[in-house]
Amino acid sequence: MIPTAFEYFRPANLSEALALLEQYKDEAKLLAGGHSLIPLMKLRLAQPQYVIDLGGVKELSYIRESGEHLLIGAMTRHVDVETSEMLRQRCPLLAETAHRIGDVQVRNMGTIGGSLAHADPAADYPAAILALGAELRAVSTKGERWIRAEDFFVDMLTTALQPGEILVEVKVPALGPRTGTAYVKVAQKASGFALCGVAVVLAVDPNGVCQDVAVGITGIAPKAYRARAVEEALRGRALDASVIANASAKATEGIDPLEDLHASAEYRAHLARVWCRRAIEQARESV
Amino acid sequence: MGKKFVGEPIPRVEDHRLITGRSQYVDDIVRPRMVYAAILRSIYAHARLKAVNVEKARQAPGVIAVFTGADVREAIGPVPVASRLPDLKIPKHPVLALEKVHYVGEPIAVVVAGDRYLARDAVDMIEVEYEPLEAVVDPERAIAEGAPIVHEEFGTNVAFVWRLSGGDIERAFREADVVVSQRMVNQRLIPVAMEPRGVVAEYLPGEGQLTVWTSTQIPHLLRTQLATMLGLAENRLRVIAPEVGGGFGSKLNVYAEEALVGYLAMRLGRPVKWIETRRENFLSTTHGRGQIAEVEAAVKRDGTVLGLRYKIIQDLGAYHQLLTPAIPTLTGLMATGPYKIPNLHVQIVGAFTNKMATDAYRGAGRPEATYWLERMMDRIAGELGLDPVQVRMRNFPQPEEFPFPTASGLAYDSGNYHQALRRAMELVGYEKLRQEQQQLRQQGRYLGIGISTYVEICALGPSPALPAGGWESATVRVEPTGKVTVLTGASPHGQGQETAFAQIVADELGVELADVRVIHGDTAIVQYGIGTFGSRATAVGGTAVYGALQKVKEKATHLAAHLLGEENVANVAFEDGHFFLKDNPERRMTFHEVALAAYLAKNLPPGVEPGLEATYFFEPSNFTFPFGAHIAVVEVDPETGDVQFRRYVAVDDCGRVLNPLLVDGQVHGGIVQSLGQALLEEAVYDESGQLVTGELTEYAIPKATDVPWLETDRTETPSPVNPLGIKGVGEAGTIAATPAIVNAVLDALAPFGVQHLDMPLRPEKIWRAIRGA
Ligand SMILES: Cc1cc2nc3c(=O)[nH]c(=O)nc-3n(C[C@H](O)[C@H](O)[C@H](O)COP(=O)(O)OP(=O)(O)OC[C@H]3O[C@@H](n4cnc5c(N)ncnc54)[C@H](O)[C@@H]3O)c2cc1C
């Protein structure tokens, strides 16, 4: 509960932050909302020598429209995503997901960039980010690149970010026509993180036939994943109860579910199937 | 008649400072030249300590001193246990481990440094050479043949076998139509007070006085024990419990760190602070519950329970803390609950395990008793095809049977159990709910209705029943300006006695609430007292205040008579803060005037001492026995095993109510903790004795969003044990609610043929039970 000693920097802009990161490399940690990093430091599971606080980098906190996309700065707090009128109108899934993260205090501090970069297997955002097919912009002193959401999550607590890179922006598509979305979550009762979280983006034609669908699932596996088998079983089909149920039964196809004190692998898989179905039904209702 | 405060919903006078962050907890205390202690704790559940090398730590930056068990063994006596049971095995319990460690978290060494960061860093530099031994974690295994032995000197892990009998149990089973039996587990819990433990100690060499600020429920008892442990004269030791951020029994204790930090302050000549981390709080502050029971009930077909046989194993952990062995005996005493069950046999085996000690946790032995029995009542109803209400009603004693003698040897003071249950049924709409339950089942929905009728043993208690006395003390001091200071020997820490006691004073002396100040928790200011636990602070401590007030009033009346020139004291009345002559009410004086006159002492009656204060030590003649009926209504999602509350109705009878807001607050908190035990919480140790649920991210305490709307109501059956008729309500919620919730879930699962599940009833467990059905 008492961290080891570290040196603290509070750069005023992105280039200063990048320079510091370049200088201290592996011995430095970026600090965003601190709601994942600081608990780890208190338990001495993380012992960075240098902490680079992005709190002063104001240019990374924004929600903007850009044509058919929305851009969210990495330092945007969960509460700002949750309450953004623009997101509620044009990307309700993201706002809904932010609303389900932790409690008010956590949402007041935690950031979307921090959550994605941390890649906790039970974090909420990854499910939505995958279902939305988001793209993530990373910057280093050498330049910038875009990473597709699906390529971003590599393994438990591991992302495609390279040493020296800062995640600066998340780009998500605006809600298309005749599209419904849903995020449902079963919370692990102690931590409040997702034991199972399912995000669905679902486009249906006027006859109720599924035109396109994306399902992101978190909490079940070492990293959040796209439930491709579910999507395939829905696409092009009229969404009646049995089609949805049969598709949802494939929610963990090819996945090796996690097992811990809070849920066995078997129960996690079961939850994924049940809540996948409920999420699809909810998304269909919201079209 | 002027204002009356007793019985009114007065908001707590404590709350302003608490809510605005202006109260002072141990960690807020800063003394000049203060240094910080950090403790190295065992990472093994069971190991021999081959070497503890502290040299590197001693050299570390900012480190002032490092001590091991060998360094302090002569200077600090063992951690005490107050309970005495026949043939109790008491292991040596040094403040820092010597040859062996017996649980993960056992203190091994202490570092003192200039700040808490340096102290913590230096802890990592201590090199301990352990020789790991096989650990025993499961209490059933611990008492079986061939188990690893926690304390080799005993050659067994059985610390005691305690038995209690009443009536003729063999005959009860001979005469039974049916025997219902059930094995059940009341899982180990972690109290998780919001404020962890903490100690600041300061030694004044000039006066030879040690002051210890500590987060405790029992400052005076602690002072006596610390004096012994440290070899100090008790009047050179001052214990202060500042604001205490929750205890729930976990601070009703004497801990190694309290003596250790006191010793460090004397030894180093500097004030020392130690604040427990949350991780340490999980590992090294006492746990609660931890019983396994096999219960057999001898019953008649009509639901009459003839007798109960209990075989209980108590998981003690590695050492006895202050009351560890005594807690399960309360389970035994309350084993017949609110029922007229004349034949009883209880056997309790205390088992040492390589874990933290169990001890009092809100309810302390009585939640276990209520849980066993209320689960049995539902099992009996199930076996006999009767409604659970019917079984309970059949076995309640009648109101005119009080004081009601139990097979366990107690005499319940007063009660009307039928009335409480009827009231709860009325509030919840019991009959209609049963119909709805039937209808929903047709639709594949599973509603469950769970009842718990309970009686608890409170206002602990008559002195012969408690190791250190069961009385309580109060001083009522009227200041010259007529303000009233109350010094209570109880040590409230969230229960609201500053408000309740002020209400009593205001009514008795006709002063305003704001004129009363209640002081507690400082042994240099307050006369000796016992403390706050066992739902005693109002029933026993409040009665002491009441007793002191009568003495003050008597003296003031005497003085008023004198000042009013009245020879016949009986002709002086005292009402609404005025003394006046009954036959001439125009001749009057205010309470303030009399108080001032007592201090100015210009004109006192002969033989009357100046001043206006009195101290009263109240010794209760019996315990009190609050009771009630709780009904939980839940719906179980058969697909996921998820439990949702529909209703929660609590009817509690805690005797006379001084302040309904305080009572509701206590009941609410208790129910929430019960909900935690019923559905969420469990201290899980793995086979090697590591605490798996060692963090708040793993150990699920209830959050606001888990709690249903709580509908509270009361019946009021005054206790004859004290003049105010108070029974106590601090633990009712935790005693009543756990079985109500579990019974509700199992009632919902009845169509699947599930008879019992052990707590916590997590969704996966329920889902598996449904699937297995
Ligand atoms: C009590 C509690 C409950 C919580 N409940 C939930 C929950 O229900 N659901 C949920 O999803 N989360 C939950 N969280 C986690 C919370 O959402 C965190 O805020 C989030 O995981 C991390 O975001 P942060 O801004 O706090 O990042 P930090 O903790 O500051 O950083 C996390 C990691 O990301 C790195 N990092 C941060 N920003 C960047 C960046 N821009 N580029 C590259 N690397 C970066 C840091 O170096 C660090 O390694 C909870 C946390 C707490 C304390």
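The values are calculated or read from the model by the stated rules, or taken from the named source; none is laboratory data. Quantities reported herein were computed from a predicted structural model and do not represent experimental measurements. A quick note on method: Cβ atoms are made from the backbone with ideal geometry, for glycine too, and the neighbour counts reach across all protein chains shown. Heads up: the accessible areas ignore ligands, DNA and RNA and are worked out on the full protein's heavy atoms, side chains in. Shrake-Rupley method; radii C 1.70, N 1.55, O 1.52, S 1.80 Å.
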- Could you list all residues from the range B:486-536 that are among the hydroxyl-bearing types (Ser, Thr, Tyr) and at negative phi? B:THR488, B:SER491, B:THR499, B:THR523, B:TYR528, B:THR532
- Task: Exactly one condition in (1) surrounded by fewer than 17 Cβ atoms within 10 Å (Cβ to Cβ); (2) under 18 Å from B:GLU508 (Cα atoms) is not met by B:ASN603; state its number.
- Result: (2)
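Yes/no per residue for (1) in contact with a strand residue (DSSP E or B) (Cβ under 9 Å, 6 or more places away or on another chain); (2) in contact (Cβ under 8 Å) with a residue 12 or more places away in the chain; (3) open to solvent by 20 Å² or more (accessible area, probe 1.4 Å); (4) not aromatic (Phe, Trp, Tyr):
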| residue | (1), (2), (3), (4) |
| --- | --- |
| A:CYS210 | yes, yes, no, yes |
| A:PRO222 | yes, yes, yes, yes |
| A:ASN246 | no, yes, yes, yes |
| A:ARG268 | yes, yes, no, yes |
| A:LEU271 | yes, yes, no, yes |
| A:TRP275 | yes, yes, yes, no |
| A:ALA279 | yes, yes, no, yes |
| A:VAL287 | yes, yes, yes, yes |
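Filter the range B:42-76 down to the residues that are among the basic types (Lys, Arg) and touching a strand residue (DSSP E or B) at 6+ places or on another chain (Cβ under 6 Å), then identify the one that is farthest from B:ASN354 (Cα to Cα). Steps first, please.
Filtering the range B:42-76 for residues among the basic types (Lys, Arg) gives B:48, B:50, B:56, B:58, B:73.
Those left that are additionally touching a strand residue (DSSP E or B) at 6+ places or on another chain (Cβ under 6 Å): B:48, B:50, B:58.
On the way: B:ARG48: 13, B:LYS50: 19, B:ARG58: 30 Å.
If we take residues in the range B:42-76 being among the basic types (Lys, Arg) and touching a strand residue (DSSP E or B) at 6+ places or on another chain (Cβ under 6 Å), then B:ARG58 is farthest from B:ASN354 (Cα to Cα).
Out of the range B:693-715, which residues are farther than 25 Å from B:LEU440 by Cα, open to solvent by 20 Å² or more (accessible area, probe 1.4 Å) and of a type in the set (A, V, I, L, M, F, W, C)?
Answer for the range B:693-715, where residues must be farther than 25 Å from B:LEU440 by Cα, open to solvent by 20 Å² or more (accessible area, probe 1.4 Å) and of a type in the set (A, V, I, L, M, F, W, C): B:LEU696, B:ILE701, B:ALA704.
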- Item | Scope the range A:28-38; condition open to solvent by less than 60 Å² (accessible area, probe 1.4 Å) and near the ligand (Cβ under 6 Å from one of its atoms); matching residues | A:LEU30, A:LEU31, A:ALA32, A:GLY33, A:GLY34, A:SER36, A:LEU37
- Query: From the residues in the range B:256-284 that are within 14 Å of chain A (Cβ to nearest Cβ) and hydroxyl-bearing (Ser, Thr, Tyr), which one is nearest to B:LEU96 (Cα to Cα)?
  - Reply: B:SER284
- On the given criteria, is A:VAL106 within 10 Å of the ligand (Cβ to nearest atom), open to solvent by less than 60 Å² (accessible area, probe 1.4 Å) and assigned by TED's automatic domain parsing to the domain that holds A:LEU161? yes
- Check the range A:169-182 and report whether any residue there is open to solvent by 10 Å² or more (accessible area, probe 1.4 Å) and more than 24 Å from A:ARG90 (Cβ to Cβ). no
- Any idea which residue in the range A:83-103 is farthest from the ligand (Cβ to nearest atom), counting only those that are within 17 Å of A:VAL200 (Cβ to Cβ) and open to solvent by 80 Å² or more (accessible area, probe 1.4 Å)? A:HIS99
- Message: Could you check the range A:157-191 and list, in sequence order, the residues that are in a loop (DSSP other than H, G, I, E, B) and either more than 9 Å from the ligand (Cβ to nearest atom) or under 14 Å from A:TYR125 (Cβ atoms) (or both)?
- Response: A:ALA160, A:GLN162, A:PRO163, A:GLY164, A:ALA174, A:LEU175, A:GLY176, A:PRO177, A:ARG178, A:LYS189, A:ALA190
- A:TYR8 versus (1) away from chain B (no Cβ under 14 Å); (2) surrounded by fewer than 17 Cβ atoms within 10 Å (Cβ to Cβ); (3) in contact (Cβ under 8 Å) with a residue 12 or more places away in the chain: which is the lone unmet condition? (1)
- Item | Among (1) within 14 Å of chain A (Cβ to nearest Cβ); (2) assigned to a helix (DSSP H, G or I); (3) buried (at least 19 other Cβ atoms within 10 Å of the Cβ) - the single one B:ARG768 does not satisfy | (3)
- State the number of residues belonging to the range B:194-217 that are buried (at least 19 other Cβ atoms within 10 Å of the Cβ) and touching a strand residue (DSSP E or B) at 6+ places or on another chain (Cβ under 9 Å). 15
- Could you check, for the range A:244-251, whether at least one of its residues is more than 14 Å from every other protein chain (Cβ to nearest Cβ) and over 20 Å from B:THR640 (Cα atoms)? no
- B:LEU18 meets each of (1) in a helix (DSSP H, G or I); (2) in contact with a Ser or Thr (Cβ under 7 Å, 6 or more places away or on another chain); (3) under 26 Å from B:LEU252 (Cβ atoms) with one exception, condition (2)
- Item | Search result, residues across the range B:728-757 that are open to solvent by 20 Å² or more (accessible area, probe 1.4 Å) and not in a loop (DSSP other than H, G, I, E, B) | B:ASP747, B:ALA750, B:PRO751, B:PHE752
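Return the only residue of B:LEU549, B:LEU559 being free of Cβ contacts under 8 Å to residues at least 60 places away in the same chain, in contact with a Phe, Trp or Tyr (Cβ under 9 Å, 6 or more places away or on another chain) and either open to solvent by less than 10 Å² (accessible area, probe 1.4 Å) or in a loop (DSSP other than H, G, I, E, B) (or both).
The conditions single out B:LEU559.
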- Message: Restricting to the range B:638-665, count the residues that are among the basic types (Lys, Arg) and over 22 Å from B:ASP507 (Cα atoms).
- Response: 2
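Determine which member of the set A:GLY133, A:GLY114 is at pLDDT 95 or above, open to solvent by 20 Å² or more (accessible area, probe 1.4 Å), near the ligand (Cβ under 10 Å from one of its atoms) and not in a strand (DSSP E or B).
Going through A:GLY133, A:GLY114 in turn, just one is at pLDDT 95 or above, open to solvent by 20 Å² or more (accessible area, probe 1.4 Å), near the ligand (Cβ under 10 Å from one of its atoms) and not in a strand (DSSP E or B): A:GLY114.
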- Message: Please go through the range B:443-475 and give me each residue that is at pLDDT 95 or above, in contact with an Asp or Glu (Cβ under 7 Å, 6 or more places away or on another chain) and open to solvent by 10 Å² or more (accessible area, probe 1.4 Å), ordered by number.
- Response: B:ARG445, B:TYR446, B:TRP471
- If you go through the range A:184-195 one residue at a time, do you hit one that is open to solvent by less than 10 Å² (accessible area, probe 1.4 Å) and more than 14 Å from chain B (Cβ to nearest Cβ)? no
- Message: One residue is enough: does the range B:716-727 have a residue meeting the conditions in a helix (DSSP H, G or I) and either buried (at least 23 other Cβ atoms within 10 Å of the Cβ) or within 14 Å of chain A (Cβ to nearest Cβ) (or both)?
- Response: no
- Message: So if I check each of B:ASP71, B:ASP15, which one is among the acidic types (Asp, Glu), within 30 Å of B:ASP576 (Cα to Cα) and free of Cβ contacts under 8 Å to residues at least 60 places away in the same chain?
- Response: B:ASP15
- Message: Residues that are outside any helix (DSSP H, G or I), within 14 Å of another protein chain (Cβ to nearest Cβ) and not polar (S, T, N, Q): does the range A:271-283 have at least one?
- Response: no
- Check on B:HIS16, surrounded by 21 or more Cβ atoms within 10 Å (Cβ to Cβ) and farther than 19 Å from B:VAL112 by Cα: no
